[in-house]
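A short write-up of the structure that comes next.
Values in this text are rule-based calculations from the coordinates and carry no lab data. In this text the structure is predicted, and so the values were computed from the model without any measurement. Every residue, glycine as well, gets a Cβ built from its backbone with ideal geometry; the counts of neighbours run over all protein chains shown.
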């Protein structure tokens, strides 16, 4: 093999953490609204398939995102596995509600573009950062783990290509605030393998690949290649959603996440361990699609390939 | 950026040839049978979008693959663009029919596994090779261009992982016969980026990357990552099918090809030129799906990202 490429494969991580976000990002753009109990059962099934971490709920306003109503109820149903659950909080109120509901791991959100910040969070990036600054002591006091997710880290459907400097500065601000984990989100799906590689590389001064996660939408079919690039550069935390469900209600045109079952297969085919059963995952996926009245399952493979190459 | 990876990107090809196989591989597993005239119009639209080469027809038995009936008629409709068309021929009879119909470019098929050879071509790999040996002088005499497509080059749904030696030997035989172009087919979709890289690398003694093409099915979501790997190793010819249509009727469980519009977007996002208009391609895709009565279009993005990163 090409020497450089062989070296890259040899040095690639041997283990990755897949974070299933089906019950949050996967559901928030679906027309069918599931009860908190249903969502909790779904999360439990995903965990049972071996997925180590799940994004289980979002403490957003139910009037804006009705699919996420009853987040506290979802957590109550899953109190015994709270350590493996992440919840999204868009602001201080959301964080307080999440902590009250017993959340142990919080995802705080900030957009790299003003347009998306206003649409998604209802305020400017500067305001969001200022709010986050006030939230950090709260999170510390509550001894919860937290991550900062940076939306639109590459391309924004309205603003176009996001200047690299803008993303780097934002990430610097977040690590300076005390966020030890960052998730780079390709919220609209327009990132390329080259863009993914460059950002990870340029971020090294701010946050090492081990501190990063990737949240990749597959709108244009590049998510698998983007995930591969991230992995080869040492990023081992990857968000995904069963059957590729998902999309941001406030990012026009965005399609679903990289499919969890496809990401897991890709990782396994690269000899990267995940602890996840592909078969169990497919079963959960099919059940979820049934609950959503989604006919996509008939087009999805019933089983994996007969061997990993 | 990681030095090795930067080097790989710098040395990556700047141009690629996308071969759209929608009208052949894309259609052969669809329930709707389109008339030869419809298929010819489809091919013409794909060519108009800037796709340099199209696999337009297959000279197989209409009783086995009714979707491909009337291949000669398709070619007759497209006589003015014959140089840009490829046709698939499964045997000597098919080749004779193709030549008679004015085909200028022939794809000959051989399977790397006995199971698929028997299912797909009705005879053993040895028999197919022996037939091909007799066909080569015929092709030479007719002064047509030819390629050999190797099915199941990585994983067979029945036999499992295909021994590398088996594929290398088969490719050696084909180049020794005079085939200057080989297409490596992941017919079932079970190949991994590592497997793709290794085969391309090990084939170098037999055929350089410039002589290779990749035909990747996306059954398990790895096709984009596989295409990226091939490209980074110098393979610049890639088959694809609009909307990811396709599947081999004789490869149980195989799903469609990598989607042409997604592959083209991936290539463009890597600054690899294709000469193809993504917008025109999406229009052709939507029209094709309408003709097939396929509701997938409603889930596909109407336009590309607002910038290439």
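Looking at the calculated P(r) for the stretch B:173-254, what percent of the C-alpha pair distances fall above 19 Å?
Counting every Cα pair in the stretch B:173-254, those more than 19 Å apart make up 36 percent.
State the Cα centre-to-centre distance between the stretch B:163-196 and the stretch A:112-158 in whole Å.
The two parts, judged by their Cα centres, are 49 Å apart.
Rounded to two decimals, what is the ratio between the C-alpha radius of gyration of the stretch B:84-188 and 2.2 N^0.38 Å?
Against the empirical 2.2 N^0.38 Å value, I get 1.02 for the stretch B:84-188.
Could you please state, rounded to a whole Å, how far the C-alpha centre of the stretch B:249-267 is from the C-alpha centre of the stretch A:251-267?
16 Å
Could you put B:55, A:279 in order, starting from the residue whose Cβ has the fewest other Cβ atoms within 10 Å?
The most exposed by this proxy come first: A:279, B:55.
Please state the relative contact order of the stretch B:208-309 as a whole percent: Cα pairs under 8 Å, 6+ residues apart?
Reported relative contact order: 22 percent.
What are the semi-axes of the equivalent ellipsoid for the stretch B:71-114, taken as the square roots of 5 times the Cα gyration tensor eigenvalues, largest first, in whole Å?
Three semi-axes, in Å: 22, 11, 7.
Compute the separation of the alpha-carbon centres of the stretch A:25-87 and the stretch A:202-246 and state it in Å as a whole number.
Taking the Cα centre of each part, the stretch A:25-87 and the stretch A:202-246 sit 22 Å apart.
In percent, how large is the relative contact order of the stretch B:13-299, given Cα pairs closer than 8 Å and 6 or more residues apart?
21 percent
Would you compute, from DSSP H runs of 4+ residues alone, the mean residue ellipticity of chain B at 222 nm, taking -39500 (n - 2.57) per run and dividing by the full residue count, rounded to the nearest 500?
Rounded to the nearest 500, it is -11000 deg cm²/dmol.
Report the calculated FRET efficiency for residue A:32 and residue A:298 (r = Cβ-Cβ distance, R0 = 25 Å), to the nearest 0.05.
So the FRET efficiency works out to roughly 0.90.
What average count of beta carbons from other chains do you get within 10 Å of the Cβ of residues in B:253-260?
2
Direction-averaged shadow area of the convex hull around the Cα atoms of chain A, nm²?
Across all orientations, chain A yields a mean hull projection of 14.8 nm².
Pick from A:275, A:189, A:230: which residue has the top mean-square fluctuation in a GNM of chain A where Cα pairs under 10 Å get a spring?
A:275
Considering all projection directions equally, how large on average is the shadow of the alpha-carbon convex hull of the protein assembly as shown, in square nanometres?
24.5 nm²
Quick check: pseudo-label points 7 Å beyond the Cα along Cα→Cβ at residue B:142 and residue A:64, how many nm apart are they?
6.4 nm
Partner chain Cβ atoms within 10 Å, averaged over the residues of A:264-270 - can you pull that number for me?
Other-chain Cβ atoms within 10 Å of each residue's Cβ, averaged: 5.
Counting only other chains, and only Cβ atoms inside 10 Å, what mean value do you get across the residues of A:296-307?
Other-chain Cβ atoms within 10 Å of each residue's Cβ, averaged: 5.
What share of all Cα pairs of the stretch B:10-120, in percent, falls into each consecutive 10 Å distance bin?
14, 46, 29, 10, 1
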